[in-house]
1. For the protein assembly as shown, which cysteines have no disulfide-compatible partner, meaning no other cysteine Cβ under 4.7 Å?
2. For the pair B:PHE408 and B:GLU183, what calculated FRET efficiency results from E = 1/(1 + (r/R0)^6), where r is the Cβ-Cβ distance and R0 = 35 Å, to the nearest 0.05?
3. Assuming R0 = 30 Å, can you tell me the calculated FRET efficiency for the pair B:ALA282 and B:GLU150, based on Cβ-Cβ distance, to the nearest 0.05?
4. Let me see the P(r) profile for segment B:221-354: every Cα-Cα distance counted, bins of 10 Å, each bin given as a percent of all pairs.
5. Beyond 22 Å, what share of the Cα-Cα pairs of segment A:147-268 is found? Please give it as a whole percent.
6. From the backbone phi of segment B:290-295, what are the Karplus-calculated ³J(HN,Hα) couplings (6.51 cos²θ - 1.76 cosθ + 1.60, θ = phi - 60°) in whole Hz, Gly and Pro given as x?
7. Would any residue of segment B:189-228 have its amide N under 16 Å from a label point 7 Å out along Cα→Cβ of B:LYS349? List them or say none.
8. What is the distance in Å between the Cα centroid of segment B:148-188 and that of segment B:85-133?
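Please treat every number below as a calculation from the coordinates, not as lab data. Everything quoted here is computed from the prediction, not taken from an experiment. Because the Cβ atoms are built from the backbone with ideal geometry, glycine has one as well, and the counts that use them run over all protein chains shown.
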Amino acid sequence: MNAAAHTQYDSIVIGGGHNGLVCATYLARGGHRVLVLEAADRLGGAAVTREFAPGFRVSACAHLLHLMPPPLMRELGLEAQGLKLAAAGLPTVALSEDAHHLSFGPGNLAALAERCAADAAALAEWQSLLKRFARALHPVLTGTPPRLGTVAWRDACALLGLGWRIRRLGRRDMRELLRIGGMCVHDLLEERFSLALLKGAVALDAVLGSNLGPRSPGTVLSLLYRVAASQGADSLTLPQGGLGALSEALARAARAAGAEVRTGSPVERILVSDDHVAGVVLCGGEEIAARTVISSADPKSTFLGLLGSEHLDAGFVRRVTQVRSRGLTAKLHLALDRLPQFRGLAEESLRGRLLVAPSADYVERAYNHAKYNEYSRAPMLEITIPTLADPGLAPAGRHVMSVIVQYAPYTLAAGWATQRTPFADLVIDTLGAYAPQLRDSIRAIELLAPPDIEREFRITGGHWHHAELALDQFLMVRPVPGAAQYQTPVPGLFLCGAGCHPGGGVMGLPGRNAARQVIREAA
Amino acid sequence: MLTESEPHYRQPLLKTPFHERARELSQLDSFVPWAGYSTVDVFTSVEQEYFAIRNASSLYDLTPMVKYRISGADALRFLNRLVTRDIRRLGPGRVAYAVWCDDAGHLIDDGTVFCIAPNEYRLCTAERQLDWLRVSAIGFDVEIREVTEEVAALAVQGPTSAKLLKAVGLAGVERLKPFGHGEFTMPRAAGAGAGAIPMMVSRTGFTGDLGYELWMQPADAESVWDALMEVGRTRAVRPVGSRALNMVRIEAGFVLPNVDFVSAAHALYLGTERSPLELGLAWLVDFNKGHFTGRRALLAEQARGPRRRLVGLDIEGTKPAHNALLYTARSGKKEAGSVTSATWSPTCKRNLALAMVEAPYIATGSTVWAEIYLNRELVWERRMVRARVVERPFYAPQRRHATPPADF
């Protein structure tokens, strides 16, 4: 560490997204002199609020905050840094074309019980089972994944701990966990529920942001993971000012901890000298020295783009190229002259998230197209109207609709160059089946297809989670064996992005775990 | 070569451009497969062929050697990251023996790298490597093309080989230094067409002796063979097969993939792979040349110290210790390794072997015991004989280095 004594920074964090900022905060608190380099002119990565039409602002990528564990938010002191929630505990409304919608929320299954008492009971039981699983799995699903095949005390403890926690669930729950862990969510839904609308809604949660359909293996795992990572809270919240407000609070926390944050500073290359990281070169040519570089960029960008395969073994490079990162999720932003009218839905219900996933089969059919590089003819949608809780995002009386659309494959056979408009039309038509006058109120449309997400947020393949969240890219094999503990084969280079365990979504845990790993290594 | 009329399943082994000539001279008609080609195992007798290599000159068809043309702006960077030795100083006209490893530092194959021109190389390998080469090429601006079928290759090895090549009109070959190569022309026989035959000649080989390898267009293969055999008629020149070659390569101490080590690309059982350090090829591993695949694993292995090593053995008696297990003592209770290649060396008059030996016994001068099975007129006997760890190569004549070589 002698060289570091002469440089200005101990560590450089590449990327000022939420994971990069969380990482920088923990590093700075650990005594590191940290520099965060963000390529874009604003911080936040895919958790940003930006204008998409004059006077209209929206959370441009992620639009709900629900995965960041409350203890992490407290530890970061985000409230003190000015983060306010415009809404929390948002209900979910599963839309039905016959206007017989189904609304359910955390702790509020009354409407469901009215429709189908058995399903309400089954959902309550399922949620309580998930919470028990979450409590058991949380430490392992959110900590640094243990290495396999080592004799290190730390790894052995983590594995033993996992085994012990699963065992402690009791015979019945343990059997159920082992039984459903690798299942597809479709089978699980068939076992537990009867209402198609409910099954569609749960299926949507299992596949959102992923290259998976309800019949894909491992979709139960993604549900478990979603609940476990958020420590069972799974409360849908809207930060005041959009997801960008979260990033601003994170940036303030990082700066308060002593980290330096620079925007408009894209990194061109990670410098390596004598098989150890030596710093970075910015696109303008500026060299910044540091013995530790932590990249929140996705694994492919980090290894193949910023580092270069010449510093890596060929087999490792092959594994990196094989990381599945084909994005299938698009984002549609609508600037609206007035609040849309959904048939059969009171204004109050529009505050929650609305789902167009009327059945699990609907979702599976939507996914079918994606397998063959087509977009869904009847897409699955997650809709929010953030201006109801947070009117400041649009001019007075106007509204913003933010829609996550699946499936819209990155590798669209027809090419996105000509397909953006027809696809946006298709999504608006799909919405029109539930809100017939919607089209008349649209003032501006922005569609972000995966290639746009790739460009704007610098994520290879435009995949929201940087790397598909599936069993083969999970825990100690995320993103690839040999880089799963935030460390990489190159001494001094670490990963802290969504491509690391526990993965994507606005969660922040990869950033925190990576910082801890860096500090442990330096000790 | 494959033809449309003969689908591959009717012609499972390819014929080299020398095949017709070899077939005529092959008294035993003993052909064996090698990298998809049919090649000669023994022409007449292994001993006669062996002595042609060591005492006169020999022709050996090495067309099946897999050849890749590697070119492009990053060709040098690509190769330097692929192989374990530093090839940055390998200039045009030079050849380097090299090995390459997987991420774990386990050997995949060995071969020779020819620098043809800046950023144009030929890589000759024992086995097909396209998959690994393509994986290794991710992130490099490099074009890799297999040219095995486009190049006929003939090894001319033995103390009189330089003289023989001069006699067929390859003027200037005597100036080639070991591991040098160059472009040459050979005059055609009278009435055999106009113009000279162009070829690349390299002073390389697998015999540990004076010798050359000729790389030519397949269409010229028979003319070159005929010219060499014609001039060699009075010089005891013989075509040789792979069994005689195996004897001389053991004398020279060269390792053979899938004989002395299993390629990491084929190994199925954990722990059977071997590293270049274990094979005694540490001299081919340069930790200071920048990163190469397997470097970090090999550094760790070096720090850990050797578990086993391929060593040369000088074994009592005259019976080759083929496949022999080695023991720490005559009692044969505790194993110390096993023989991977063995031969009686007629030149050294020693019973030689290459063996993978456990760490405590790898030092030169150590003694292990070889368990040899003898068949004496169909009666099997077991012998425990003393084997001493000795330096390799077993046989290294001065003439393999001399430039110009002696003019016989």
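1. When partners are defined as cysteine Cβ atoms under 4.7 Å apart, the protein assembly as shown leaves A:CYS61, A:CYS116, A:CYS157, A:CYS184, A:CYS283, A:CYS500, B:CYS101, B:CYS115, B:CYS124, B:CYS348 without one.
2. On the way: r = 25 Å, r/R0 = 0.72.
About 0.90, to the nearest 0.05.
3. On the way: r = 35 Å, r/R0 = 1.17.
Computed FRET efficiency for B:ALA282 and B:GLU150: 0.30.
4. Taking all Cα pairs of segment B:221-354, the binned fractions are 10, 29, 29, 20, 10, 3 percent.
5. On the way: 4407 of 7381 pairs.
Distances greater than 22 Å cover 60 percent of the Cα pairs.
6. For segment B:290-295, the Karplus curve yields x, 6, 9, 4, x, 4 Hz.
7. None, by backbone N distance to the label point.
8. Segment B:148-188 and segment B:85-133 have Cα centres spaced 22 Å from each other.
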